[in-house]
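S.K.: Can you keep this structure in mind? I'll have questions shortly.
The values are calculated or read from the model by the stated rules, or taken from the named source; none is laboratory data. Source: prediction; values computed, not measured. Quick reminder, even Gly has a Cβ in these numbers, built from the backbone with ideal geometry, and neighbours come from all protein chains shown. To get the accessible areas, we keep the full protein, side chains included, count just its heavy atoms, and leave off ligands, DNA and RNA. Shrake-Rupley method; radii C 1.70, N 1.55, O 1.52, S 1.80 Å.
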Amino acid sequence: QVQLVESGGGLVQAGGSLRLSCAASGSIFSIYTMRWYRQAPGKQRDVVATITTGGSTNYADSVKGRFTISRDNAKNTVYLQMNSLKPEDTGVYYCNAQRLSRYYWGQGTQVTVSS
């Protein structure tokens, strides 16, 4: 069982930056693949960035070159650095931990990008 708590969301102007954090507890953090998802108003929840247990990363095309996912296993935390933010990046950002067929979610943090 993993508990996830996101933080770092807020209101930012287009072109600005935010850094999201997701703190994990309750299990061995390093064994989980970690993902950030985004859910825009009225839309489905989509994966934005992934980091594996080995540190490999993958990004949605819409955020490549602007977002960076990283993890600090010593701090049980995954980060999402978001630069050059656009209004279409607005949404609730969720942290997800996955191992085999088990998935765990945080409560989400709101990111609003004004034009």
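S.K.: With every protein chain left in place, what is the accessible area of residue 64 in Å² (1.4 Å probe, nearest 10)?
M.R.: My reading of the accessible area for residue 64 is about 110 Å².
S.K.: What ratio of Cα Rg to 2.2 N^0.38 Å holds for the chain? Write out the running numbers ahead of the final one.
M.R.: Details: Rg = 13.3 Å, N = 115, 2.2 N^0.38 = 13.4 Å.
The reported ratio for this selection is 0.99.
S.K.: Return the percentage of antiparallel bridges among DSSP beta bridges fully within the chain, rounded to the nearest 5 %. Present the calculation step by step, with values, prior to reporting the outcome.
M.R.: Details: 40 of 44 bridges.
Beta bridges within the chain, antiparallel portion: roughly 90 percent.
S.K.: Straight-line reach only, C-alpha to C-alpha below 28 angstrom: list the lysines that residue 86 could link to, leaving out same-chain residues fewer than 8 apart.
M.R.: 43, 64
S.K.: Provide the per residue accessible area, probe 1.4 Å, for segment 7-69, rounded to a whole number of square angstrom.
M.R.: In whole numbers, segment 7-69 has 52 Å² accessible per residue.
S.K.: Quote the charge dipole size of the chain about the Cα centre in Debye, to the nearest 20; the model charges only the Cβ of Lys and Arg (+1) and of Asp and Glu (-1). Display every interim value, and only then the final one.
M.R.: Working: 12 positive and 6 negative charges, 33 e Å.
With only Lys, Arg, Asp and Glu charged at Cβ, the dipole is about 160 debye.
S.K.: If you add up the charges near residue 108, with Lys and Arg at +1 and Asp and Glu at -1, over every other residue whose beta carbon is less than 11 angstrom from its beta carbon, what do you get?
M.R.: +1
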